[in-house]
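First the structure, in the form of structure tokens, and then the observations on it.
Just so you know, all these numbers are worked out from the coordinates, no wet-lab data involved. For clarity, every value in this text was computed on a predicted model and none was experimentally measured. Every residue, glycine as well, gets a Cβ built from its backbone with ideal geometry; the counts of neighbours run over all protein chains shown.
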Amino acid sequence: MKSSDAFYITTAIAYPNGRPHMGHAYEVVATDAIARFHRLDGRTVTFLTGTDEHGLKLAQAARAAGVDPKTYVDKMVMAFQEMTATFQISHDRFIRTTDADHYAASQALWRAMVAAGDIYLDRYTGWYSVRDEAYYDESELVDAVDAAGVTVRLSPQGTAVEWTVEESWFFRLSTYADRLLAWYDSMPTPVVPSSRHNEMRAFVQRGLRDLSVSRTSFAWGVPVPDAAIDGPAHVMYVWVDALTNYLTGAGYPSASLDTVWPPDLQVVGKDVVRFHAVYWPAILMSAGLALPKAVFGHGFILDRGEKMSKSLGNVVDPLELAATLGVDRLRWFMLRDVVFGEDGNYSHAAIVERTNADLANGIGNLAQRSLAMIAKNCDGRLPSESLAHQPADLMLQSILSSLTERYMDDMRGLRLSRALEALMEMVAIANGYFADNAPWSLKNSDPARMAKILYETADAVRQIAILLQPIVPSAAVRLLGQLGLSVDKTGHRPFTELALALPLGALLPAPNGVFPRWVETT
Ligand code: MSP
């Protein structure tokens, strides 16, 4: 049985046929912020990310590199693991579809679909895009003129398609249309945001064809189990094995699956919503498994307006950018400036501007001003007695607690950029309180009141630091350290601590800026 506080969250798994780009970094960072939020909120989180290593695209990339596919992916995957480490992704497992338990899970799922009577042998004749690893219907293709002036047919994603004729196993997807439509309309709607829900509904309503789920023209994939003795050897269509990763990561086919399954949230890019909201739930229904509670299709991160992709040549290496600007700035920018669910533009200048404003001038300044005054005027100590509140203090506390509620509500509702807006409102309110109550002017006339104002401001910083943890984890820990608060062995201060005030009389470490301002050197 899955307990009510268990939370299973996944990202899509990336093709390691090139180095990771900002789009990949964006997806893992957004998912990580949600995973960390739920952990701090007291849930038992299982967070899965990884790489999708089979299929024709990877086989071709390995051939071009002159090595066998496994040698190729073993090397390429390292850059993705470096990316998750650099961006402080808190996944519980980095799954590779070449892992042994994943082969076992994929074959078990296949057998379940066979047992349901949903798999039959036929011949596939139609269009296939190697880049998308996707089958397309004739009616979906678009005509385009290539560089040589020749009219060519492209997939709706603008990728090349090739005519493919091959013996293949098929999955009876067409029989699931009504059940999929009923699932889309169940409450709360599982495919989000609503634009993706509408797209998927319309797609299924146009009618579904059975899906070719195996390939015979190459061998780089999970072997189809129990195949006919005399026919060609089949490997699973890469998307069938790729989608199965979510089950492998939850322990399928072992009984322990029950404690994790189903996913509470599957975060994927808008270009792969079809696979996750049509093929995937149909496969799960066939195997008699529970469906994900939510599939969220996020937008693309665009380099000044253009989708980032290897073929467009505008791929920005997130590791290089992190080495220059620092991970906190990148994480903050991606979560604050990109509305989760929509496309967002990114540029070096925009990251610097946003993070200087919010982190350095906003949060950093608030912390620095109040903590420097405590160091200078109170020997670095918080007041040892709690003084009666004045109306301004009560007002500050009440606004901070209602903004905290808004932050919580927006994070739970996946309105990530709005949650960060609430956080910045907390900063503005605390800055306003500090400025209006001018503790520096009370140094001689009323030092006790001065200390009280500094204490209230520092306690506002404490609340802000706790809420910052899912967004900029290491900076939040540094900020908490500035308040003399060490983190527990899991590296966190859970949200239950929001209600505890700073310890009276505590000696604070010497203030040390946590969010330096970025100054261009050129
Ligand atoms: N391997 C498949 C997913 C299989 S999931 C069972 C795949 N891989 S991918 O490397 O092309 O993309 C991985 C994820 O990154 C996808 O969710 C995709 O939408 C996302 N992004 C790829 N480019 C992106 C941007 N430019 N911006 C944001 N996300 C993007 O698809």
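Sites listed here are GluC sites (Glu not before Pro) in the stretch 342-389 whose DSSP assignment is loop and whose Cβ has at most 11 other Cβ atoms within 10 Å: 385.
Relative contact order of the stretch 297-428: 28 percent, from C-alpha pairs under 8 Å at least 6 residues apart in sequence. Taking the centroid of alpha carbons for each part, the stretch 371-391 and the stretch 177-230 are 61 Å apart.
Cross-link partners of residue 75 among aspartates and glutamates, defined as those whose alpha carbon lies under 19 angstrom from its own and excluding same-chain residues fewer than eight positions apart: 52, 53, 99, 317, 320.
Let me check I've understood the local charge: for residue 409, count other residues with C-beta under 15 angstrom from its C-beta, Lys and Arg +1, Asp and Glu -1. What total comes out? Net charge around residue 409: -1.
Dipole orientation for the chain: of the candidates 232, 351, 78, 351 has the Cα lying most toward the positive pole (charges on Cβ; Lys, Arg +1; Asp, Glu -1).
Computed extension gain for residue 353 through residue 398, at 0.36 nm per residue and net of the alpha carbon distance, reaches 13.1 nm. Dipole size of the stretch 444-502 about its Cα centre, with +1 on Lys/Arg Cβ and -1 on Asp/Glu Cβ: approximately 120 debye, rounded to the nearest 20.
Put a plus charge on the Cβ of each Lys and Arg, a minus charge on the Cβ of each Asp and Glu, and nothing anywhere else: the dipole of the chain about its Cα centre is then about 1020 debye.
Translational diffusion of the chain, estimated by Stokes-Einstein from the Kirkwood radius over alpha carbon pairs at 20 °C in a medium of 1.002 mPa s, is 85 µm² per second.
Of the residues 150, 191, 316, the one with the fewest other Cβ atoms within 10 Å heads the list, and the complete ranking is 150, 316, 191.
Using a cutoff of 8 angstrom between alpha carbon atoms and counting only pairs six or more residues apart, the relative contact order for the chain works out to 16 percent.
With a Förster radius of 41 Å applied to the beta-carbon distance between residue 6 and residue 85, the computed FRET efficiency rounds to 0.95. Each of residue 499 and residue 440 was given a label point 7 Å from its Cα along the Cα-to-Cβ line. The distance between the two points is 3.8 nm. In the chain, the DSSP-assigned H stretches of four residues or longer account for a calculated mean residue ellipticity at 222 nm of -13500 deg cm²/dmol, using -39500 (n - 2.57) per stretch and the full residue count as denominator.
With each label modelled as a point 7 angstrom along the Cα→C-beta vector, the residue 159-residue 487 pair spans 3.7 nm. Residue 123 sits among other residues whose Cβ lies under 9 Å from its own Cβ, and their net charge, with Lys and Arg +1 and Asp and Glu -1, is -3.
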